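The values are calculated or read from the model by the stated rules, or taken from the named source; none is laboratory data. Here the structure is a predicted model, which means the values were calculated and not measured. Neighbour counts run over all protein chains shown; Cβ positions are idealised from the backbone, glycine included. For accessibility, only protein heavy atoms count, side chains too; no ligands or nucleic acids. Shrake-Rupley method; radii C 1.70, N 1.55, O 1.52, S 1.80 Å.
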Amino acid sequence: MLDVGRHPNIELLAYSDIEKVEGEQGDFTVTVRRKRRYVEEDKCTGCGACAEKCPATVPDAFEENQGNRSAVYSYFAQGIPSTHTIDADYCRQLQGKKCGICKKVCQADAINFEQEDRIITLSVGAIIIAVGYDVFDPSQIPEYRFRELPNVVTAMEFERLLSASGPTHGHLDRPSDRAVVAEIKALEKKAKRSQKTLDRFEKKHDQASADVYEKYRKGQYQDDEDRKKWADKYAEHLAVMEPLETMQKQAESFTVAKRLAFIQCVGSRDFRFYPFCSGYCCMHSIKEAVIAHEHETETTSAIFGMDIRAVSKGFEEYKIRGGNNSNITYVRGRVSEIIGGADHNPVVIYEDTQQRQVKEEEFDMAILATACAPTKGMVELAKTFGVELDEYNFIKTSSLAPVDTSVPGIFVCGCAESPMDVPESVAQASSAAERAAETVIQSTLEKEKAVA
Amino acid sequence: MPESKEKEIKTGVFICHCGSNIAGYLDMEALDEYTQTLPNVTFVQQNLYSCSEGGINEIKKAIKEQDLNRVVVSSCSPRTHEPLFRSSCEEAGLNPYLFEMANIRDQCSWVHMQQREDGTAKAKDLIRMGVAKAALLEPQESIMSQVKTRALVIGGGLAGITASTALAKRGYEVVLVEKEKNLGGMLNKLNKLGPTMTDAGELIEEKIKEVTNNDKITVFTGARVAVVQGFIGKFDAEIETESGKKNIDIGVILVATGGRNFVPEGLYDYDGKRVVTQLELEQLLKKGLDPDIKNVVMIQCVGSRNEERPYCSRICCQTAVKNAMLIKDQIPDARVSILYRDMQMYGVENEEMFRDSKAKGIRYMHYDPDQPPQVESEQVRVYHSLLGREMELPADLVVLSTPLVAQEDAETTSQLLRVPIDENRFFLEGHVKLKPLDFATDGIYLCGSARFPANIREVIAQGLGAASRASIPMSKGSVVVEPIISVLSDEDACRGCGLCVALCPYSALEIRRTEKGRKVHVIDVACKGCGVCASTCYQHALSINSYTSEQIEAQIDAFLEET
């Protein structure tokens, strides 16, 4: 990414949409909408002072909504360009409230609440589409109870939990436990506030709150407005403290997730959704299981799959190593259902096809290896570019011209074409660059010929 | 000694606030005051953002007005802004290698946010060390070398042909060397290609025409590359052909030597007649199958995913499924069963073919490698792990799916080009994830099944991709290398032992005979300055520019100084 940001021949137009594509290979005119960031690109140094002071709280999409960010933000720490952006839906100033803190703290004077979208046109010889993919939404599969059971997560959510820079700093804290901890924090805040009020009363009257409350309940202080208020406040305080203490006790027994179930082919190889194989999910499950085991050596993982497709260089060896060194068991079969068990534990119901038995097994967490879905807006994008899509809405190519779309001069690479892993995407990116370069050179030569 | 040493050293130190990233956690005034007391420091300035246009202008101004001959910026990591600061020094007339960075953000203020006092003390250490090193820095000049715009492609299969044609389209000359008498490689032996069922013969004929009709491409068949010397941009190759030896000079090399099919001698009663490989089946299908064949059993993973060959060969499952369907096309009432461990039908097209094959009546049975199938005279016996019982499958023809393995001469090629091979003797790319088509050595690239078994779509994509990678130095016409490289700083000390040559990961060193005997020579454009040679040389004959022993020792001494 840093290379892209720095290369003298690359003009990076991030946070932009393609509006119109006209012309033909060698001579395209592309209309680009540069969306307003409310931050001036040439001034912002990406220091992050604005994000630090911004009072708004927004679910962080980069953390798969498992953490929060501010309304002025950069999508993730290493993002290129490091230019920040204001999320207008959450920005207090842009929502008409009084704020503007970011503008005050920005020493580079980059915040501009009056910024507008800009439309620019580019003249290019060739186009490469590399829009990637979306994670399949597993809530479409009722039997896996995604979102209904808190400890059933997608592989991408799990990836963020495993990350040292993620919302749990790499500890596998279970979502159900994290919800309780968040609730404890909220109640503690409330309790602290009500305790302060009670302290004031106690100081004023030199009497214990419990005593006042007791006597008030027995009918005393009917005419003492102050003590009446006091007793009400104490009742409120108790209503906070009771669940708080229960939860605090509960939280003492929280540990990180150590029994993991990885469910393969969630939305892929499934006729209800995507019949294709997403190719890379077997490997990311194995990788996540290996890393989880590195974090906590007691971790055991079961990977449930119809076939474990470890087909690239070193993959089969990695899979075997995972089994030998990282407590991974590979279970052949598709999981039929996940149900809720005790203590928010997901219970996986599956047929062990090797032993020909239907089994139930309880885990601390279940991780769904979700399908590689064509990215949202693919149909509109295809219309804009005039390229054909395949039946699933990936961009259509042929095996003999693997990066050529149906429009000469427009090429594709990566998961916009079909699901593939990192090395294949990198190799394909070079292929698309090659085809684009050929196009530009050929058309330049033709133009020169025409002039001559 | 360089002239800079004769002049009085005037070091300017710029202390960056990075907004509040540094200034919020460290005592900037204390740093400023302290820095002024350091030896050779003649100018200290604080910047809100040293990297901003304003900050850069201040640095440039100070270089000129204060007559600075060393610059230290204490800010973030060299990863973020070293190139910017270096070029700014250059713009102000100072050699860019008289610049040093002290990382007081990433390695100091960010990690010591809660320890203002200790953090400030550490920042002082870091600045003092940077200043000490800066005093010993010497000016360096970038190294430039021309690149010959001609490529050598080794291997004339689909990968090599695709890469050659692509490079020719870009206007580069290509020399394509094939060891067999004909171009085409593995494709010559194949029947139809999945999933489109394209005729392999027709495809390769068309592709060969593209090569032979192209005047940019010189083809040598029945030839081999015997000697390769040189480095990116300036390789010399000796090619042995039937009509004698030819020497050519080239700028880049592409390895597209492919793989070969494993022959399962001694496995499953393999005899090449009733028990054949998938590759042999391709020929039978091409000729037309014997119509009496009614029962076919295919066995997957024969000779792969075992101790001897632990890898999955990626393409055998799709080959089996494709051939099973072609059998059904020729003999519709044939019963075809595939005995498998995992059906590796990854992706969109393969899984689609897998589904279609089931609709055509191909039967799939899982077997456990601990209980492999038994090939008997008229049948195959297999323990069906899903049914939990043994099955007897009549078999007129048994087809073994064997892996693609590395070429027999892979090791020779590897030594010839000084590029590595992996434990399965496939060529090892520069980075398995991020540089799949490059070698670690600049100017040499990789594609096709020489890297790892690949299907037609993947081979074509990689052929195009490797051409793209190889075209980069050729289109630039020259390579410019940062002068932070290894140098033979003490020629007399070098005994020509060659230890460094063996250890260099980039083939950047060679032993040359000189008047003083055998001495190491650094091929400067190939050197990446990693320092392996300098740190292992028993004689301390080699050193790295801008990281000399004296400079590093000065840093350490400065660190240990009482403050």
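Couple of notes before you dig in:
- When A:TYR133, A:TYR216 are compared by accessible area at a 1.4 angstrom probe, the order from most to least is A:TYR133, A:TYR216.
- Hits among lysines - C-alpha to C-alpha of A:LYS233 under 17 Å, sequence gap 8 or more where chains match: A:LYS189, A:LYS190, A:LYS192, A:LYS196, A:LYS203, A:LYS204, A:LYS215, A:LYS218
- When the residues A:ASP3, B:ASP409 are ordered by accessible surface, computed with a 1.4 Å probe over the protein chains alone, the sequence from largest down reads A:ASP3, B:ASP409.
- Accessible area (Å², 1.4 Å probe, nearest 10) - A:SER74: 40 Å²
- By accessible area with a 1.4 Å probe, ligands and nucleic acids excluded, highest first: order of A:GLU351, B:GLU33, B:GLU205: B:GLU33, B:GLU205, A:GLU351
- Placed amide H near A:SER398: partners under 5 Å, 5+ positions off or other chain: A:ASP404
- Pairs beyond 27 Å (Cα-Cα), from A:LYS396/B:LYS433; A:LYS258/A:LYS287; A:LYS35/A:LYS383; A:LYS43/B:LYS7: A:LYS43/B:LYS7
- At most 13 other Cβ within 10 Å, DSSP loop - trypsin sites (Lys or Arg not before Pro), region A:117-190: A:ARG147
- At a threshold of 40 Å², the residues of region B:161-195 that become less accessible to a 1.4 Å probe in the full protein assembly than in their chain on its own are B:LYS169, B:ARG170.
- Accessible surface of chain B, 1.4 Å probe, proportion on carbon and sulfur as whole %: 47 percent
- Solvent-accessible area per residue, Å², over region B:147-285 with all protein chains present [probe radius 1.4 Å]: 42 Å²
- With both labels modelled 7 Å from their Cα along Cα-to-Cβ, the B:GLU307 to B:ASN40 distance reads 6.1 nm.
- Per-atom-type breakdown for region A:374-451 gives carbon and sulfur 58% of the accessible area (1.4 Å probe, protein chains only).
- Long-range HN-HN contacts of B:HIS366 with modeled amide H, under 5 Å: B:TYR340, B:SER385, B:LEU386
- Lysine pairs in region B:263-402 whose alpha-carbon atoms fall under 19 angstrom of each other, counting only those eight or more residues apart or on distinct chains, come to 16.
- GluC sites (Glu not before Pro) restricted to DSSP loop in region B:288-357 with at most 14 other C-beta within 10 Å: B:GLU307, B:GLU308
- Extended-chain gain in nm, criterion 0.36 nm per residue less alpha-carbon gap, B:HIS540 and B:GLN371: 54.9 nm
- Centre separation in Å (Cα based) which lies between region B:1-63 and region B:440-510: 38 Å
- Rounded D (µm²/s) - chain A, Kirkwood Rh over Cα pairs, Stokes-Einstein at 25 °C, 0.890 mPa s: 93 µm²/s
- For B:HIS112, the shell of other residues with beta-carbons less than 15 Å away shows a net charge of -1, using +1 for Lys and Arg and -1 for Asp and Glu.
- MRE, 222 nm, helices only [DSSP H, n ≥ 4, -39500 (n - 2.57), over chain A, to nearest 500]: -11000 deg cm²/dmol
- Per-residue average of Cβ from other chains inside 10 Å of B:421-430: 1
- Stokes-Einstein diffusion for chain B, with the hydrodynamic radius set to the Kirkwood value over Cα pairs and evaluated at 37 °C in a medium of 0.692 mPa s, equals 117 µm²/s.
- Dividing the summed -39500 (n - 2.57) terms of all DSSP H runs of n ≥ 4 by the residue count of chain B sets its mean residue ellipticity at 222 nm at -9500 deg cm²/dmol.
- ³J(HN,Hα), Karplus 6.51/-1.76/1.60, whole Hz, each residue of region A:116-123, x for Gly, Pro: 10, 4, 10, 9, 10, 10, 10, 10
- Relative packing of peptides A:401-409, A:278-286 - highest average C-beta neighbours within 10 Å first: A:278-286, A:401-409
- Value of Rg/Rh across the protein assembly as shown [Cα atoms, Kirkwood radius]: 1.01
- Compared with the dominant principal axis of the Cα atoms in chain A, helix A:175-205 is inclined by about 40°.
- Once the Cβ-Cβ distance of A:LYS192 and A:LYS228 is raised to the sixth power relative to R0 = 22 Å, the FRET efficiency obtained is 0.40.
- Extended-chain gain in nm, criterion 0.36 nm per residue less alpha-carbon gap, B:LEU434 and B:LYS189: 84.9 nm
- Here the relative contact order of chain A, from alpha carbon pairs under 8 Å that lie six or more residues apart, stands at 17 percent.
- Ligands, DNA and RNA are left out, and with a 1.4 angstrom probe the accessible area of chain A is 50 Å² per residue.
- In region A:294-345, the GluC sites (Glu not before Pro) that fall in loop regions by DSSP, at most 15 other Cβ within 10 Å: A:GLU296, A:GLU298
- B versus A: buried accessible surface, summed, Å² (probe 1.4 Å, to nearest 100): 4900 Å²
- Whether region A:100-196 is rounded, prolate or oblate, judged on the alpha carbon gyration tensor where a/c under 1.5 counts as rounded: oblate
- Solvent-accessible area of A:GLU148 with every protein chain in place, 1.4 Å probe, in Å² to the nearest 10: 130 Å²
- For region A:2-123, the relative contact order is 32 percent, taking Cα pairs closer than 8 Å that sit 6 or more residues apart in sequence and dividing their mean separation by the residue count.
- Backbone amide hydrogens, once placed in the peptide plane, bring A:ALA71 within less than 5 Å of A:ALA56, excluding anything fewer than 5 places away on its chain.
- With a Förster radius of 51 Å applied to the beta-carbon distance between A:ARG147 and B:THR196, the computed FRET efficiency rounds to 0.80.
- Rolled with a 1.4 Å probe across the full set of protein chains, the surface gives B:PHE43 an accessible area near 40 Å².
- Only Cα pairs under 8 Å and 6+ residues apart enter the sum, and on that basis the relative contact order of region A:374-451 stands at 21 percent.
- Percent accessible area from carbon and sulfur atoms, region A:2-123, protein chains only, probe 1.4 Å: 44 percent
- Shielding of peptide A:418-427 by partners, expressed as the average count of other chain Cβ atoms within 10 Å per residue Cβ, is 6.
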